[in-house]
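**Student:** If you scroll down you'll find the structure; I have some questions about it.
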Amino acid sequence: MTIEERYENMEREMYRMKRRNRWLLGAVLLVAVGLIVPAVLETTAFRARAQATGTAKEIRANKFVLVGENGKERGELFVSNNDVSGLRLYDENGQIRGGLVVGKDGPVLGLTDHNGHPRAALVVRDDVPFLQLFDENSKVRIEVSMGKNGPGVNLKDENGKGRAGLYILKDGPSFSLYDEKGNGSATLDVSSEGPKMTMSDQNGDARAGWSVNKDGSALTLWDKNDKMRAALVMKGAVDMLLFGPDGNLIWNAIK
């Protein structure tokens, strides 16, 4: 083979190699375009949707922190290690002033004073809502509840003892006053039969009662053994009755 023939063969081979390289490059570009263009279009569409709605579809995290212009934390949305979710809000001094937590016992919404002491709380426990108001020593002084039998308001002293209560029961309203130990009481009930007042000793045993109904009124006295000892009944006439320690009638007078 002459030098001229060898040169011609080399040129033909180089030409074929250039064609193969151009074909491979074109295939690679097609694959790249097929992968990149859909991703770009999807990202663009996602951004367009986010811009149109103002938010992303979903964000997942264990905690979000709200920071003010001065860099101080003003709130946080979190899930704790014991699976309690909550929201805390801080004032300009970094003190918690309000919060909402939801745990296994139910939700609690709380408000605090500038010292961080609780002053108000809304609690739902066993499907019963409570509104609690605290004094400056974090003692519950007022409690409003909505139970199965009806709404109620309980007023407590500085030691946490209930001293007064107002309840709306199925039979009617009931108002009670208690001593410093939360035992002895005076209760006024109003039912469909009429009003009734009962006074109890420190053991919670009724000692005196006064009731009024459509037929008249009655005043009743009991001893510490829950035995009726005297009664004054007014039904047109006045009937006075005295009873012995065994509860048997020993004297009766009608006027």
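The values are calculated or read from the model by the stated rules, or taken from the named source; none is laboratory data. All values reported here derive from a predicted model rather than from experimental measurement. Reconstructed Cβ throughout: ideal geometry from the backbone, glycine too, with neighbour counts over all protein chains shown.
To keep it simple, each residue is scored yes or no on (1) closer than 29 Å to Asp127 by Cβ; (2) surrounded by 15 or more Cβ atoms within 10 Å (Cβ to Cβ); (3) not aromatic (Phe, Trp, Tyr).
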position: Gly152; (1), (2), (3): yes, yes, yes
position: Gly162; (1), (2), (3): yes, yes, yes
position: Gly165; (1), (2), (3): yes, yes, yes
position: Ser176; (1), (2), (3): yes, yes, yes
position: Asn203; (1), (2), (3): no, no, yes
position: Ala206; (1), (2), (3): no, yes, yes
position: Lys227; (1), (2), (3): no, no, yes
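**Student:** Residues that are at pLDDT 90 or above, touching a strand residue (DSSP E or B) at 6+ places or on another chain (Cβ under 9 Å), of a type in the set (A, V, I, L, M, F, W, C) and in a loop (DSSP other than H, G, I, E, B): does the range 103-110 have at least one?
**Tutor:** Looking through the range 103-110, none of the residues is at pLDDT 90 or above, touching a strand residue (DSSP E or B) at 6+ places or on another chain (Cβ under 9 Å), of a type in the set (A, V, I, L, M, F, W, C) and in a loop (DSSP other than H, G, I, E, B).
**Student:** Can you tell me which residue among Val144, Val65, Val128 is of a type in the set (A, V, I, L, M, F, W, C) and farther than 30 Å from Lys181 by Cα?
**Tutor:** Val65
**Student:** Tell me yes or no: at least one residue of the range 131-141 is modelled with pLDDT under 95, part of a strand (DSSP E or B) and either hydrophobic (A, V, I, L, M, F, W, C) or closer than 24 Å to Asp226 by Cβ (or both).
**Tutor:** Checking the range 131-141: not a single residue is modelled with pLDDT under 95, part of a strand (DSSP E or B) and either hydrophobic (A, V, I, L, M, F, W, C) or closer than 24 Å to Asp226 by Cβ (or both).
**Student:** Within the range 149-195, how many residues are under 26 Å from Gly216 (Cβ atoms), modelled with pLDDT under 95 and of a type in the set (Asp, Glu)?
**Tutor:** Adding up the residues that qualify gives 2.
**Student:** Another question, if that's okay. So the check is Cβ under 8 Å with 6+ separation or different chains; which pairs have a first residue in the range 93-110 that's under 26 Å from Gly68 (Cα atoms) and a second one that's aromatic (Phe, Trp, Tyr)?
**Tutor:** Ile96/Tyr90; Arg97/Tyr90
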